[in-house]
């Protein structure tokens with residue numbers, strides 16, 4: 001797919017981190033970008049900076065997602081590109097015993113479901129609604145659209161406490177190929193990136209010694225990933241017409257330890 005001002009894109013979680021870097025990379029190619037995010041202040045600022053449109057959106061809400069796509073399409077037209085970066089995480093052991101009280105507890109099921117609803121169901125909700133819109137587009141060189149999902153290396157080597165996060169991201173990986181097969185006949189490609197440890201706004205608040213230790217755990221290069229590196233791979237998946245149905249780790253060859 002050629003990137004230019006005739007192409008519209010939607011980036012979920014586009015107000016910061018990996019999503020913001022992708023918004024900026026697409027806009028730099030002339031693409032008309034809509035940002036779906038909960039952070040209105042940051043989202044509006046990024047949209048203003050790149051000449052895009054901000055759509056406040058909670059991906060767990062059917063109404064929010066429908067309204068966000070309607071606003072984005074009214075401003076930019078039907079998107080040919082969807083990049084799913086919206087997501088979050090938590091950490092609870094499946095079952096554990098408090099060392100002081102001896103009390104036992106398990107992973108709160110509402111907390112488990114919350115992660116699944118955002119990371120997995122929210123991603124699928126946006127894919128289904130975006131792909132439905134793409135079906136009405138005229139193909140360009142046989143292609144109607146390109147979708148990039150964001151999973152995590154935790155999909156394959158999740159750490160202690162990451163049962164929900166790993167399940168959600170494993171689901172994103174697992175559904176990428178079937179969705180690519182579903183949409184192949186209509187000229188829509190679907191791929192997935194599994195980022196390792198990246199320098200994000202959340203990571204920026206970590207103590208220097210923690211960041212140093214995490215950087216040292218990466219085989220090469222011994223540093224945290226940078227958001228523009230994610231965006232570069234996302235754009236490669238979008239522009240390379242033979243890239244389809246793939247799940248690609250972007251992690252400096254790290255394999256996560258149990259903790």
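Nothing in this text is a laboratory measurement; each read-out follows from the coordinates by a stated rule. Just so it is clear, the structure is predicted and the values come from calculations on it, not from any experiment. Counting neighbours? That spans all protein chains shown, and the Cβs are built from the backbone with ideal geometry, glycine included.
How many nm is it between the label spots at residue 184 and residue 4, if each spot is 7 Å from the Cα in line with the beta carbon? Here the modelled spin labels are 3.0 nm apart. The mean of 1/r over all pairs of different alpha-carbon atoms in segment 125-183, once inverted, gives a Kirkwood hydrodynamic radius of 13.0 Å. Between segment 69-91 and segment 98-123, the alpha-carbon centres lie 27 Å apart. Between the beta carbons of residue 203 and residue 255, assuming R0 = 22 Å, the FRET efficiency works out to 0.70 to the nearest 0.05. Expressed to the nearest 5 percent, the antiparallel share of DSSP beta bridges inside the chain is 10 percent. Seen against the Cα atoms of the chain and their longest principal axis, helix 40-50 is set at about 50 degrees. Start at zero, step by 10 Å, and the Cα-Cα distances of segment 150-252 spread as 15, 39, 33, 11, 2, 0 percent across the bins. Multiplying the residue separation of residue 242 and residue 94 by 0.36 nm and removing their Cα-Cα distance gives an extension gain of 49.2 nm. The angle between the Cα long axis of helix 62-76 and the longest principal axis of the Cα atoms of the chain comes to about 40 degrees, rounded to the nearest 10. Structure remark: mean-square fluctuation, Gaussian network model of the chain, C-alpha springs under 10 Å; the largest value among 249, 181, 97 belongs to 97. Once you place label points 7 Å from the Cα toward the Cβ at residue 140 and residue 177, how far apart are they in nm? So the label points at residue 140 and residue 177 sit 3.0 nm apart. If you take the Cα centroid of segment 8-49 and the Cα centroid of segment 199-259, the two points sit 19 Å apart.
Taking all Cα pairs closer than 8 Å and separated by 6 or more residues, the relative contact order of segment 8-250 comes to 20 percent. For the pair residue 132 and residue 157, a Förster radius of 51 Å applied to the C-beta separation gives a FRET efficiency near 0.90, rounded to the nearest 0.05. Of the two radii for segment 30-131, the radius of gyration is 1.16 times the Kirkwood radius, both from the alpha carbons; that is the Rg over Rh value. Build a GNM of the chain with springs between Cα atoms under 10 Å apart, and of 38, 203, 175 the one that fluctuates most is 203.
Between residue 222 and residue 74, the FRET efficiency estimated from the beta carbon spacing at R0 = 45 angstrom works out to 0.45. Note on the chain: percent of Cα-Cα distances in each 10 Å bin, starting at 0 and stopping at the bin with the largest distance, equals 7, 30, 36, 19, 6, 1, 0.
Working from Cα positions, state the angle (0 to 90°, nearest 10) between the long axis of helix 227-239 and the longest principal axis of the chain. That helix lies at roughly 40 degrees to the long axis.
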